[in-house]
Amino acid sequence: MNELERSVLAKIDQEQLARLCRQLIQAPSENPGGNEESTVLLLQSLLQDLGSTVHLQYAAPGRPNLIAHLGGGNAGGGLLFLGHSDVVPAGSGWDADPFTARREGNRLIGRGATDMKGGLSAVIAAMASVNQHAPHIPLTLICTVDEEANALGIEHYISTAEAAQYLACIVAEPTDLITIIGCRAAANLQVQISGASAHAGRPSDGASAIEAAAELVALIGENKQKLAAAPHPVLGPATWNVGTLKAGHGTSIVPDEAWLGIDRRLLPGEDPQQVLDALLAAARNRIEAAENLDALKLQIRGSVQMFMPGFLTDPEAPLVRQVCTTLQDLGAAGKHGIWTASCEGGFIAEHHNVPTVVLGPGEINTQAHQPNESVSVSDLHTAACAYALIALRQYETSQN
């Protein structure tokens with residue numbers, strides 16, 4: 001490391017970083033709930049105290065995106081960080097108040113500690129330290145609302161923001177400090193099946209939406225096997241998951257309506273509307289062929305409720321090599337991998353045409369969305385140091 005890098009890292013204090021993360025956790029922003037504003041206003045105050053130019057962009061009443069520029073004349077550009085202000089509902093099973101952050105040894109516990117108040121706090125600490133020692137380096141943070149539900153914030157951002165030039169994008173989601181070079185796209189599909197109600201004593205007078213839904217679920221199960229047999233060489237296979245099924249009015253009534261919520265992870269080249277249309281067509285054919293169903297009384301329709309594009313950065317790209325090397329310099333493994341989750345990085349990679357990776361403190365599978373969610377304080381510090389070094393090194397590379 002050179003002298004500038006050592007000076008920047010020396011200013012990132014682990015205990016100050018932990019306190020910052022606690023502040024963010026204690027500004028609740030549950031979604032569903034639509035109450036991200038308290039967290040965003042805290043972020044605005046923190047970033048303005050650093051000298052950032054901060055713009056709030058309301059995607060809906062009380063639900064502001066935040067766009068902050070620091071350094072380089074506050075003109076944007078440089079390294080772009082991406083995060084989100086909302087957290088999933090706390091739910092039950094906590095040992096203490098989920099929004100009163102508490103410290104147990106090296107771990108900070110509270111809703112959002114991992115996903116992703118921890119990543120946001122590390123970004124702010126990195127931006128502060130870089131700007132203190134190298135104010136000519138431009139840094140940008142975009143923090144969206146509604147990432148955990150319907151992507152309202154990021155969709156509003158890309159519909160209003162002009163495409164800008166950035167050196168790279170770091171999505172500060174929890175990756176256990178592994179550099180994620182890509183993820184599949186994600187679509188939330190809603191399917192409604194309408195049948196005909198009748199008395200359960202003579203069910204043939206009606207048409208069961210639940211039995212038709214069972215045919216749809218069976219069809220999806222068969223398609224899962226086909227998808228598993230044809231994986232993408234890097235991203236793996238596309239997948240289905242039937243997450244919700246709501247139907248019926250009582251045990252003595254033939255159900256006339258059924259609603260299914262379906263998750264579909266998509267590979268490059270797949271279009272969510274085309275996937276849905278193919279599913280509905282195959283389901284109609286299957287229902288018509290089923291001897292126990294009156295297809296004339298059954299209708300099936302659906303819609304794409306949310307779509308989050310995927311992305312894939314070449315593992316040999318300069319950004320990936322630089323991020324992995326930086327993590328190794330800090331004592332981390334410096335590995336890269338693929339994410340099974342989804343994130344908003346695909347929107348940014350596509351809209352700004354910028355190389356993108358996901359990197360952050362915390363573990364998405366064992367901590368995010370769990371009771372007693374927690375993050376390692378030492379990992380917060382490593383993440384902040386990595387973000388700072390990446391910003392310095394990306395800028396230096398761009399000048400050569």
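Observations on the structure shown:
- Set N292, N223, N285: member being at pLDDT below 95 and not small (G, A, S): N292
- Qualifying residue in the stretch 248-259 (condition: assigned to a loop (DSSP other than H, G, I, E, B), assigned by TED's automatic domain parsing to the domain that holds A207, surrounded by 12 or more Cβ atoms within 10 Å (Cβ to Cβ) and within 21 Å of the chain's Cα centre (by Cα)): no
- Total residues in the stretch 12-58, condition in a loop (DSSP other than H, G, I, E, B) and crowded, with 16+ Cβ neighbours inside 10 Å: 11
- Failed item in (1) in contact with a Cys (Cβ under 7 Å, 6 or more places away or on another chain); (2) assigned to a loop (DSSP other than H, G, I, E, B); (3) closer than 18 Å to L41 by Cα, with G118 passing the rest: (2)
- Summed over the stretch 207-252, the residues that are over 16 Å from A186 (Cβ atoms) and touching a helix residue (DSSP H, G or I) at 6+ places or on another chain (Cβ under 7 Å) give a count of 8.
- Residue within the stretch 161-182 that is free of Cβ contacts under 8 Å to residues at least 60 places away in the same chain and over 21 Å from the mean Cα position of the chain (by Cα) present: yes
- Here K297 meets each of (1) touching a strand residue (DSSP E or B) at 6+ places or on another chain (Cβ under 8 Å); (2) surrounded by 14 or more Cβ atoms within 10 Å (Cβ to Cβ); (3) charged (D, E, K, R); (4) under 24 Å from T175 (Cβ atoms) with one exception, condition (4).
- Test: residue in the stretch 180-198 that is more than 30 Å from G83 (Cα to Cα) and either touching a His at 6+ places or on another chain (Cβ under 9 Å) or at pLDDT below 95 (or both): yes
- Hits in the stretch 72-100 (condition: surrounded by 16 or more Cβ atoms within 10 Å (Cβ to Cβ), at pLDDT 95 or above, assigned to a loop (DSSP other than H, G, I, E, B) and in contact with a strand residue (DSSP E or B) (Cβ under 6 Å, 6 or more places away or on another chain)): S85
The values are calculated or read from the model by the stated rules, or taken from the named source; none is laboratory data. Predicted model, so just to flag it, every value in this text is computed and none were measured. Cβ coordinates were reconstructed from backbone atoms using ideal geometry, including for glycine residues, and neighbour counts include every protein chain displayed.
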